[in-house]
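Heads up: the structure comes next, in structure tokens.
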Amino acid sequence: MTNISKDNIDRLKEDFYFNELKIIKKQEDELVKKYLFELSDGNKIESVLMEHDYGLSLCISSQIGCNMGCAFCESGRLKKVRNLTTDEMLLQVMEVEKEVGERISHVVIMGIGEPFDNYDNFMDFIRIITDPYSLALGQRHITVSSCGIVPKIREFADEETGVNLAISLHAPNNELRSKIMKINNAYKIEDIIDAIKYYLDKTNRRVTFEYILLKDVNDTKECAEELCKLLRGINCYVNLIPYNETENIEFKRSSTSQIGTFYDILKKNNIGVTIRKEFGSKVSAACGQLRAEIESSLREGK
């Protein structure tokens, strides 16, 4: 710009910049596109676009890497480098919209990272993306997933937004959950349930409990029955997630029959339950898998 003073030009150089994300890899399968973005500092994150009958849903990342250390999670193998800034979260939506030439109707914050470990930037992202002068996305079209940082669940309840809350539970008792989710050493299941009851009292909005089914680990009839007892009387539903196997992690996917048995037990006990629709058998489906593949190739000089 040549029509402003030199002082203002210098001030803009010092205090202002346009950030950008660069798509460096894209994988496609039926009804799904997976994007690997490079940030301005060279770090990499992922977003996944899914086509539903109700519109386009984008799963975005909130951090570079993750320190939660869930044993079954690919993105947790790569430790947290830093939080994503608010604009880096927003740019994932904007860049994918630009690339596909269509409006994103739903956003889920379930990609790489723990959103409640980046709480302030995450909340700024929510305020901006829902603003009528910004992308004007409906709050009820947004879902945030947390592994259970109890103080932040309560803080989020106090925000009284219309954003949907999902809790990554993945086990019906503390002994099993602590084996596969390090966060349970800090916040036990009963602490999470208490925080969820507080959230329900504040918002009167149903909560989703996510439950990845791991073969011979948490997919037994006993686990299903114990989960029913844990969630009885809570305004929630359970989203059963068939596991995406990766070559770096030893866990295996439960059989189709075992998934069906687990589902039937919850259904018979009047627990609302769905089985997550699977997308993209030809893409690196597990969260963080595409980034991990690229990082591994760079280390090996491929």
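The values are calculated or read from the model by the stated rules, or taken from the named source; none is laboratory data. Please read all numbers here as calculations on a predicted model, not as lab measurements. Reconstructed Cβ throughout: ideal geometry from the backbone, glycine too, with neighbour counts over all protein chains shown.
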Mind checking which residues of the range 244-260 are within 12 Å of Leu213 (Cβ to Cβ) and not charged (D, E, K, R)?
Asn244, Phe251, Ser254, Ser255, Thr256, Ser257, Gln258, Ile259, Gly260
Subset of the range 150-181 that is touching a residue at least 60 places away in the same chain (Cβ under 8 Å) and more than 17 Å from the chain's Cα centre (by Cα) - its residue that is farthest from Phe125 (Cα to Cα):
Lys179
What single numbered condition from (1) of a type in the set (Asp, Glu); (2) within 27 Å of Thr130 (Cβ to Cβ); (3) assigned to a helix (DSSP H, G or I) fails to hold for Glu14?
(2)
Regarding Thr261, is this residue modelled with pLDDT of 95 or more, part of a helix (DSSP H, G or I) and either closer than 23 Å to Lys80 by Cα or hydroxyl-bearing (Ser, Thr, Tyr) (or both)?
yes
Of those in the range 249-274 that are without any contact (Cβ under 8 Å) to a residue 60 or more places away in the chain and of a type in the set (A, V, I, L, M), the residue nearest to Ser145 (Cα to Cα) is Val273
Given the conditions (1) assigned to a loop (DSSP other than H, G, I, E, B); (2) within 29 Å of Glu30 (Cβ to Cβ); (3) without any contact (Cβ under 8 Å) to a residue 40 or more places away in the chain, report the number of the one that Thr246 does not fulfil.
(3)
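Do we have Leu90 as in contact with a Phe, Trp or Tyr (Cβ under 7 Å, 6 or more places away or on another chain) and either crowded, with 17+ Cβ neighbours inside 10 Å or of a type in the set (Asp, Glu) (or both) here? Don't jump to the end; show me each part of the working.
Details: in contact with a Phe, Trp or Tyr (Cβ under 7 Å, 6 or more places away or on another chain): yes; either crowded, with 17+ Cβ neighbours inside 10 Å or of a type in the set (Asp, Glu) (or both): yes.
In short, yes.
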Can you pull out the residues in the range 182-199 that are among the hydrophobic types (A, V, I, L, M, F, W, C) and touching a Lys or Arg at 6+ places or on another chain (Cβ under 9 Å)?
Ile183, Ile189, Ala195
Considering every residue within the range 209-224, establish whether at least one is loosely packed, with under 15 Cβ neighbours inside 10 Å, within 21 Å of the chain's Cα centre (by Cα) and more than 19 Å from Asn244 (Cα to Cα).
no
Yes or no: Leu84 within 15 Å of Phe37 (Cα to Cα), surrounded by 15 or more Cβ atoms within 10 Å (Cβ to Cβ), of a type outside the set (Asp, Glu) and touching a residue at least 60 places away in the same chain (Cβ under 8 Å)?
no
Restricted to the range 37-59 and to residues being in contact (Cβ under 8 Å) with a residue 12 or more places away in the chain and not in a strand (DSSP E or B), the residue nearest to Leu91 (Cα to Cα) is Leu39
The number of residues in the range 63-88 that are farther than 19 Å from Tyr211 by Cβ, aliphatic (A, V, I, L, M) and part of a loop (DSSP other than H, G, I, E, B) is 3
